[in-house]
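**Student:** The structure follows.
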Amino acid sequence: MSAVSYIDIRLHYRLAILSVLGAAAAFLIMYLARTRQGLPYHDSFASGVTTEWHAFGGNWETYDGAIRNNSDERGAKFLSGSPGWSDYSVEADILLLGQNGDAGLIVRSSDEEEGVDSYSGYYVGLRDHDGTVAIGRADHGWIEYDAVPVKAGIHPFRWYHLRVVAVGCEIAALALDPVTQLSTVATLNENEKDCARAGRVGLRSYSSGGIWKNVSIAAAGPAELALLKKGTQVPGASKLTPSDAELNSLVPYPSPEGSISGDLSFTGPTIGIRTPPISSLRLVSDLRRAPVAVRGSIVLTSPTVYIQDSTAGIAIESPQDTFLKIGDEIEATGTLEPRGFSGVLKDARVRLLRSKGPAPPLSVTASQAATGKFDGMFIEIGGRLEDKPRVVGQSVILDIHNGHQAYPAILKGVYPDPVVEKLQRNSLLRLRGVCVVDPAYTKNLTSFVLLLRSSQDIAVVAGPPWWDKRYLIEIGFALIVLTFLGILIYITAEHWRLRAVLEERSRMAREIHDTLAQGFAGIALQLESALQQSRAENVEIGSVAMAFHMAQESRREAHRSIAALRTLHTNESLENMLQKVLRPQVAGSRLDLSFSRSGDPQRLSAESEGQVLRIAQEAVANAVQHAMAKQIEVRLVFEQNQLRVEITDNGRGFNLSGLPAVEDGHFGITGMKERANSIGADFKVQSNGDGTMICLIVPLPRQRAYWRSVNWWMRPFKTSMRPSRSG
């Protein structure tokens, strides 16, 4: 191996190593940038913005600087962040909105779906039924690693502060009770092989509603993890404000034993007022507004609280913050303000009786809902979505059509929502919500409005029909595109075919030039030498001269064939190609060859042009050899649908009935007829004592105005595809 080769190998080796190291460094930088993107983070719930969060179940809405899930659905999730986040801490203030459930934080989440434990990641929750901080792993199933008891228990309607730190394969959580100032620590340590190392952050509740606020996320390391495991709050962590602690002391909650206290009223007990059926309140006069008390189950919490019993429903407006959720059974006392078919309970005082699951909906038709009989009640109804969902402020509006009734369905809460975003126009939906005929919502434009609780109240029964107008437009557009592609493929295939034909013609021209023409040239040279020698010796030269003449003529014929084959490689007009092919045939003679043209010239196909050239070449050759003509005229007449080619000479003519047959070795006229038939042309011969006229009528391709414009548009493309002149 030479020294130069050895140096080149070493240089290439070093360049390869540097390339690998550079790629690794770039990947590391991108990974670190991804894992830190968006950190630190603090929620924007106070401004009502939740665009970076995505709901998987539940009924989520912004509430007084916090995010609230009004549903006691099992495993409702609210997620945000980057899948590349790895080592970080997340903390929030959390309040449970019910009993026998839990609420908490998800870390390192991925592969999320709707449903219980339908995600992969870790969860730390505050659980009230056993008063513990539960920590475990979800992987579309639940593995609980630990449940650490809280000394004072976990109580609904009470604020707690929860902080979770994830570093490596170790997860640690600290729960702080701001009233007792007691903290509880729970830890989880998975093996290196199975642990989830990165993922998003989420809020989660199980069998209970919840409220989260002051959600913040920051990068973390071993130091933060060690401090948290010791039960020490990391400096800079958010803390509950005094007003929140004071609120905890005012909000009633179940006792540590789990029993419900005798009075859970937020403004004091309601005593001595009977609770009639809600349907009877529709008979109350607007002139006499006496205090009334009602009992019912909450079916809607936002934008207005609605309760219903077995007879009817009613709206409640309370000046106090009740922390109520869907399904809670309450007693409300206030002044009834009649509105339309039902009314509103103004300045209501609310007392929680018990927590339970939400009531099932009543299945009604749109016509029944329009009567007002089901005003304020939780119903199930169907209809088709007229258009894409509209976003108005913090609400999403669905325009529904059902038979002769049209009504809007309003969903107030967080957006975007995966369920709502997938809805398609003209889909058949099944909706569950509260029927409202209050003019404040209907604006006197529709008979009723359906207030949805969450996107889970929207079920797609069937997608839009295939004959939908939008689908038909898309199908038409697809057909146009496919047609255009078909034309393009056809043009390309024709170009390939033409190129193959022209390449074959070029090959044949080269073969004739390199074999026959060269052979004739050699024969002519030898005969010329013999002829000169014979003349010098006064030898009879008749046969030699004849052979010499035949060799020269065969050589000229070979060159004419080569010229005809080469001519088809250009973009020249048919008239110019005829001149190039025919003029060499009369060169050296006194015969006058003229050309004329009339009409608008049009191009023929390559096959048609080739046959026209061959027929004209044979006609001129016959006139030169047999007609003793002095003048030949070639006329091209372009008509609307055909091309007329006339070749006329002033020779002696011949008898058409006495034409020599193919059996006699004469192929001229017969060959011209066969060539004309191959391109669908008419071939005629007229001859008398004053000369001969051969007429060829070639049909032109029919082109409509549209296709002419297409050809004009495609001309540069087709021209660029033409093969270059070769050989």
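What follows draws every value from the coordinates through simple rules; no lab data is involved. Computed from a predicted structure; not experimentally measured. Note: ideal-geometry Cβ built from the backbone for every residue, glycine included; neighbour counts use all protein chains shown.
**Student:** Which far-off residues, 5 or more places away or on another chain, put their amide H under 5 Å from the one on GLY38, with H placed in the peptide plane?
**Tutor:** none
**Student:** Cβ under 14 Å from LYS630's Cβ, LYS630 left aside: what net charge do those residues give with Lys, Arg +1 and Asp, Glu -1?
**Tutor:** -2
**Student:** Over 29 Å between Cα atoms: which of LYS580/LYS673; LYS346/LYS388; LYS230/LYS356; LYS77/LYS193; LYS630/LYS673; LYS422/LYS469 fall into that group?
**Tutor:** Where the Cα-Cα span goes over 29 Å, the pairs concerned are LYS346/LYS388; LYS230/LYS356.
**Student:** If you don't mind, another one. Over what distance in Å are the Cα centres of region 344-363 and region 70-130 separated?
**Tutor:** Here the answer is 27 Å between Cα centres.
**Student:** Give me, ordered by chain and number, the residues 5 or more places off GLY691 or on other chains with an amide H under 5 Å from its own placed amide H.
**Tutor:** Those qualifying (amide H under 5 Å, at least 5 residues apart or on another chain) are GLY653.
**Student:** Can you run phi through the Karplus equation (6.51, -1.76, 1.60; θ = phi - 60°) for region 81-89 and list ³J(HN,Hα) in whole Hz, with x for Gly and Pro?
**Tutor:** With the stated coefficients, region 81-89 comes to x, 10, x, x, 5, 10, 9, 7, 10 Hz.
**Student:** OK, next. About its Cα centre, how strong a charge dipole does region 41-250 have in debye, to the nearest 20, once Lys and Arg get +1 and Asp and Glu get -1 at the Cβ?
**Tutor:** Computed charge dipole of region 41-250: roughly 440 debye.
**Student:** At HIS129 and GLU572, where each label point lies 7 Å from the Cα along Cα→Cβ, what is the point-to-point distance in nanometres?
**Tutor:** With each label placed 7 Å out from Cα toward Cβ, I get 9.7 nm.
**Student:** Another question about this same structure. Could you work out the percent of alpha carbon pairs in region 31-171 separated by over 26 Å, rounded to a whole number? Write down the numbers at each step before the final one.
**Tutor:** On the way: 2122 of 9870 pairs.
In whole percent, the share of Cα-Cα pairs in region 31-171 beyond 26 Å is 21.
**Student:** For ALA547 and ILE475, what is the calculated FRET efficiency with R₀ set at 60 Å and r taken between the beta-carbons, to the nearest 0.05?
**Tutor:** Here the calculated transfer efficiency is 0.20.
**Student:** At 0.36 nm per residue, minus the direct Cα-Cα distance, what do GLU380 and SER47 gain on full extension? Give it in nm, one decimal, please.
**Tutor:** That pair, GLU380 and SER47, stretches by 116.6 nm at full extension.
**Student:** Of ASN69, LEU96, TRP53, which is farthest along the charge dipole of region 36-132 in the positive direction, counting Lys and Arg as +1 and Asp and Glu as -1 at C-beta?
**Tutor:** Positive-most Cα among the choices belongs to TRP53.
**Student:** Now, a different point. What size of dipole, in debye to the nearest 20, comes out for region 362-465 about its Cα centre when the only charges are +1 on Lys and Arg C-beta atoms and -1 on Asp and Glu C-beta atoms?
**Tutor:** Magnitude of the dipole: close to 80 debye.
**Student:** Using the basic label-point model (7 angstrom from Cα toward the beta carbon), what is the ARG390 to ARG583 distance in nanometres?
**Tutor:** With each label placed 7 Å out from Cα toward Cβ, I get 7.7 nm.
**Student:** If you don't mind, another one. For ARG425 and LYS346, what is the calculated FRET efficiency with R₀ set at 41 Å and r taken between the beta-carbons, to the nearest 0.05?
**Tutor:** Computed FRET efficiency for ARG425 and LYS346: 0.55.
**Student:** By how many nm would the segment from SER280 to LYS630 grow when fully extended, if each residue of separation counts as 0.36 nm and the alpha-carbon distance is taken off?
**Tutor:** Contour length minus Cα-Cα distance gives 113.8 nm.
**Student:** Something else: Sequence-distant or interchain residues sharing an amide H contact under 5 Å with LEU593, placed H: which?
**Tutor:** Here the answer is ILE632, since their amide H atoms fall under 5 Å of that of LEU593.
**Student:** ³J(HN,Hα) across region 605-612 via Karplus (A = 6.51, B = -1.76, C = 1.60, θ = phi - 60°), whole Hz, x for Gly/Pro?
**Tutor:** Once rounded to whole Hz, the list reads 6, 4, 5, 5, 4, x, 5, 4.
**Student:** Ranking request for peptides 398-406, 92-100: highest mean number of other beta-carbon atoms within 10 Å first, then the rest in descending order. It would help to have the intermediate numbers written out before the result.
**Tutor:** Values: 398-406: 16.6, 92-100: 23.7.
With the highest mean Cβ count within 10 Å placed first, the list reads 92-100, 398-406.
**Student:** From the phi angles alone, apply the Karplus equation (6.51, -1.76, 1.60; θ = phi - 60°) to region 95-100 and give each ³J(HN,Hα) in whole Hz, x where the residue is Gly or Pro.
**Tutor:** Per residue, the Karplus-derived 3J(HN,Hα) values read 9, 7, 10, x, 9, 6 Hz.
**Student:** Among 144-157, 325-338, 179-192, how do they line up by average Cβ neighbours within 10 Å per residue, starting with the highest? Mind dumping the intermediate values first?
**Tutor:** Details: 144-157: 17.6, 325-338: 21.0, 179-192: 15.0.
Highest to lowest by the protection proxy: 325-338, 144-157, 179-192.
**Student:** At what distance in nm do the modelled label points of HIS495 and ASN677 sit from each other, each positioned 7 Å from its Cα along Cα→Cβ?
**Tutor:** 3.6 nm
**Student:** How much length is gained on full extension from GLN368 to LEU488, taking 0.36 nm per residue of separation minus their Cα-Cα distance? List each step's numbers first, then the result.
**Tutor:** Numbers: separation 120, 0.36 × 120 = 43.20 nm, distance 5.83 nm.
This chain segment gains 37.4 nm when fully extended.
**Student:** Let me ask something additional. Would you mind counting up the charge near GLY168? Only other residues with Cβ under 9 Å from its Cβ, with Lys and Arg at +1 and Asp and Glu at -1. Mind showing how you got there, number by number?
**Tutor:** On the way: positive: ARG197; negative: ASP87, GLU170, GLU192.
Local charge sum for GLY168: -2.
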